[in-house]
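Asks: Below you will find the structure I want to go over with you.
Here, each number is a calculation from the coordinates, and none is a lab measurement. Owing to the predicted nature of the structure, the values given are computational and were not obtained by experimental measurement. Cβ coordinates were reconstructed from backbone atoms using ideal geometry, including for glycine residues, and neighbour counts include every protein chain displayed.
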Amino acid sequence: MKMTLTKTSPAMKVLTAVLILGFIAFAHTFLPHRWQHICIMWAIWSTVGMGWLVILRVGQFSAGQAVFLCIGGYAAGVLMLKLNAPFWVALVLSAIFCSVVALIVGAIILRLKGLYFLVISLVFSEIVRLTIAATDYLGASEGLWDMPIPKKIGPVVFSTKQGWLYLFVFILILAALTFWRMENSRTGKIYAYIGASPDLAQSFGLYFMKYRVQAYVISAFFTGLVGAALAVYLGAINPEGFTFYYSLVAQIVAILGGVGSIVWGPLLGSLLYNVFDEYLVYIPGARSLLMGLLLIAVIFFLPEGLISLKNSFLKKKGGNPVVPH
Amino acid sequence: MSLIEITNLSKSFGGNKAVDGVDIEIHSGEIVGLVGPNGAGKSTIFNLITGFLRPDNGRVRLKGENITGLRPDQIAKKGIGRTFQLTLLFHGQTTRESLYAGHVRVEKTGFWQALFDTSAYREERKQAFERSQEVLTFMGLAEWQDTLVNVLPCGIQRFLGIAQVIMSPVDVLLLDEPLTGMNEEEISGLLDRLKKLQSQGVSILIIEHHMKAVMTLCDRIIVVNFGKKIAEGTPEEISRNPAVIEAYLGCKRGTAGAS
């Protein structure tokens, strides 16, 4: 009989630890420069994709996830360039600032349903971006640049890609652990109830706004954290870096991987997306076209995303049967 | 003292008075039927009591406490459970997972305890599991426990709706046409269980069109038509009441307005 909680077996924990350590060792010695870049992008978009997916869980389709990258990035920029805050302080404060913004804005816009929320989340994102583009203090359309390179901690140096790779993977692990625990505990169930039927959930004493705002704030925290780190990694940010296209990528990686799992979906989707994106540069002009074809192919042949490959693989091996829908 | 006391409850949608000055009183351990033709305002009364709609006028008191204008989740926490006329389901969840939803309101641990899997949180989840075992057995849902709710037979989905509500203690249960989509066997099974719930001290207010069931189940029946209460009494009194017969069957020639 299934208990309320899915327990992690010790073997799984050991396997996960070995995989992470193995990856770091591999990245340190063998990983070519180009693949370091791909891995950084993979970690960034995996985290952002998870943030998008957790909002989808409470029944809201966010079309403006880039706004949290933007707020996180600019907060880090202001803290480091104008207030001379050290990188680590700026990183954490930016994420917290992002969460507070999400708390205030979310309490208003999360009341809207379906398409109305989709539109207003996009509008919110654009308002923030265009306001920044018109604010001289934030560098207007030129943006902020000359971000200082963070000091090294131990053997991790931030003047190379490797150091950044570790940082982004660390943020990814932090986000993945949090979302994994959320999804496999009561919190994830409550989100699923709210997403499925807010009225029914409310008749059991679950206030849908509380949980929607909660999901939104957590999403903003991790997306803001990535945004802050990304701004310093790139050394410069401007409003053009946070257009709707980047909100779209958050959705694409989650949908490619499969929205059935908050953690595994974006991890797989982001890998496919970024490898594809990186190598498509060789075919000039065809990048967007081929990316579109890839999306269509995945949605057409694997409507539940790449993660469904795992299920069909297990089924052939006589493993867990696929749950019917 | 009455458990629920509703005075002068009114609600209009545009110019249409859906509920017009209705008074209802429910005592502890009582099963009260709420009947009337389609569109009489029965479901609106339910939505007004449970906070899904705000009344234009009137008061709802639970054990003497004014609960008018509270949010549905706040009212649910005070001990009023309800089901819906349309079967609402948590799509993608199994029967057992859906049942846990009804238990959350008595759980005290919050987000952080769930995140860090503390012992208090585990203890509560164990209680939820044990309670779900009891409820599955009581409602006869044990064989469906691992089935996704959206593929359950229609009658079983109605059983599940009530099972979810009784996962945590309720003082009063508001059932909106619970017998819809059930066969005769399921109907008698549900009526038995409602009687058992009554003997455990749960009051029930039930909207139902299945008159035979209402007559056998209810201690008292309230009849509404065009948003107004037109009759109230024991099943025998109601079945003889001329105003009720008129509302259901239309008036006899020459006797219009006689009642």
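Asks: Hey, among the residues in the range B:84-136 that are among the hydrophobic types (A, V, I, L, M, F, W, C) and loosely packed, with under 15 Cβ neighbours inside 10 Å, which one's nearest to the other protein chains (Cβ to nearest Cβ)?
Replies: Restricting attention to the range B:84-136, the residues satisfying the condition of being among the hydrophobic types (A, V, I, L, M, F, W, C) are B:84, B:86, B:88-90, B:99, B:101, B:104, B:106, B:111-112, B:114-116, B:120, B:128-129, B:135-136.
Next, only the ones that are loosely packed, with under 15 Cβ neighbours inside 10 Å stay: B:86, B:112, B:116, B:120.
Working: B:L86: 10, B:W112: 10, B:F116: 8, B:A120: 12 Å.
Here the answer is B:F116.
Asks: Then there is this: Testing A:P148 on (1) out of contact with any Ser or Thr (no Cβ under 8 Å at 6 or more places or on another chain); (2) touching a residue at least 24 places away in the same chain (Cβ under 8 Å); (3) closer than 21 Å to A:L271 by Cα; (4) more than 9 Å from chain B (Cβ to nearest Cβ), one condition comes back false. Which one is that?
Replies: (3)
Asks: Also: Residues to consider are B:T7, B:T44, B:T68; find the one that is without any contact (Cβ under 8 Å) to a residue 24 or more places away in the chain, β-branched (V, I, T) and touching a strand residue (DSSP E or B) at 6+ places or on another chain (Cβ under 7 Å). Spell out how you get there, then give the answer.
Replies: Details: B:T7 fails: without any contact (Cβ under 8 Å) to a residue 24 or more places away in the chain; B:T44 fails: without any contact (Cβ under 8 Å) to a residue 24 or more places away in the chain.
Checking each option against the conditions leaves just B:T68.
Asks: Same structure again: Can you pull out the residues in the range B:74-83 that are surrounded by 20 or more Cβ atoms within 10 Å (Cβ to Cβ) and assigned to a helix (DSSP H, G or I)?
Replies: Selection gives B:I75, B:A76.
Asks: Within the range B:137-164, track down each residue that is in contact with a Pro (Cβ under 9 Å, 6 or more places away or on another chain), within 11 Å of another protein chain (Cβ to nearest Cβ) and assigned to a helix (DSSP H, G or I).
Replies: B:V151, B:G161, listed by residue number.
Asks: Report every pair of residues separated by at least 6 positions or lying on different chains whose Cβ atoms are under 9 Å apart, first residue within the range B:21-34 and closer than 12 Å to B:L174 by Cα and in contact (Cβ under 8 Å) with a residue 60 or more places away in the chain, second outside any strand (DSSP E or B) and aromatic (F, W, Y).
Replies: B:L34/B:F46
Asks: Let me ask something additional. Given the criterion part of a loop (DSSP other than H, G, I, E, B), under 16 Å from the mean Cα position of the chain (by Cα), more than 8 Å from chain A (Cβ to nearest Cβ) and within 21 Å of B:G227 (Cβ to Cβ), identify the matching residue among B:L48, B:L53. Spell out how you get there, then give the answer.
Replies: Numbers: B:L48 fails: part of a loop (DSSP other than H, G, I, E, B).
None of the other options fit; the residue is B:L53.
Asks: Shifting gears a bit: Looking only at the range A:226-247, how many residues end up being part of a helix (DSSP H, G or I), farther than 16 Å from A:M50 by Cβ and aliphatic (A, V, I, L, M)? Please lay out each step first, then the result.
Replies: Filtering the range A:226-247 down to residues part of a helix (DSSP H, G or I) leaves A:226-234, A:239-242, A:244-247.
Then drop every residue that is not farther than 16 Å from A:M50 by Cβ, which leaves A:228, A:231-234, A:239-242, A:244-245.
Imposing the further condition that a residue be aliphatic (A, V, I, L, M) reduces the set to A:228, A:231-232, A:234.
Residues meeting the conditions: 4.
Asks: For the range A:157-206, which positions are more than 14 Å from every other protein chain (Cβ to nearest Cβ) and closer than 20 Å to A:M50 by Cβ? Break it down stepwise before answering.
Replies: From the range A:157-206, those more than 14 Å from every other protein chain (Cβ to nearest Cβ) are A:157-173; that's our starting set.
Result: A:W164, A:L165, A:Y166, A:L167, A:F168, A:V169, A:F170, A:I171, A:L172, A:I173.
Asks: Does the range B:88-116 hold any residues that are in contact with a Lys or Arg (Cβ under 7 Å, 6 or more places away or on another chain) and farther than 24 Å from B:R158 by Cβ, and which are they?
Replies: B:A114, B:L115
Asks: Among the residues of the range A:256-265, is there at least one that is in contact (Cβ under 8 Å) with a residue 40 or more places away in the chain, crowded, with 19+ Cβ neighbours inside 10 Å and within 12 Å of A:M41 (Cα to Cα)?
Replies: no
Asks: Within the range B:165-182, which residues are outside any loop (DSSP other than H, G, I, E, B) and hydrophobic (A, V, I, L, M, F, W, C)? It would help to see each step written out before you state the result.
Replies: Taking the range B:165-182 and keeping what is outside any loop (DSSP other than H, G, I, E, B), we get B:165, B:172-176.
Those that are outside any loop (DSSP other than H, G, I, E, B) and hydrophobic (A, V, I, L, M, F, W, C): B:V165, B:V172, B:L173, B:L174, B:L175.
Asks: Tell me, please, whether a residue that is in a loop (DSSP other than H, G, I, E, B) and buried (at least 20 other Cβ atoms within 10 Å of the Cβ) can be found in the range A:185-193. If you could, list the steps in order and put the result at the bottom.
Replies: Keep residues of the range A:185-193 that are in a loop (DSSP other than H, G, I, E, B), which gives A:185.
Next, from what is left, pick out any that are buried (at least 20 other Cβ atoms within 10 Å of the Cβ): A:185.
Within the range A:185-193, one or more residues are in a loop (DSSP other than H, G, I, E, B) and buried (at least 20 other Cβ atoms within 10 Å of the Cβ).
Asks: Being more than 20 Å from A:G195 (Cα to Cα), out of contact with any strand residue (DSSP E or B) (no Cβ under 8 Å at 6 or more places or on another chain) and assigned to a helix (DSSP H, G or I) is true for just one of A:V253, A:V217, A:V213. Which residue is that? Explain how you work it out, then say what you get.
Replies: Working: A:V217 fails: more than 20 Å from A:G195 (Cα to Cα); A:V213 fails: more than 20 Å from A:G195 (Cα to Cα).
A:V253 is the lone residue from the list that is more than 20 Å from A:G195 (Cα to Cα), out of contact with any strand residue (DSSP E or B) (no Cβ under 8 Å at 6 or more places or on another chain) and assigned to a helix (DSSP H, G or I).
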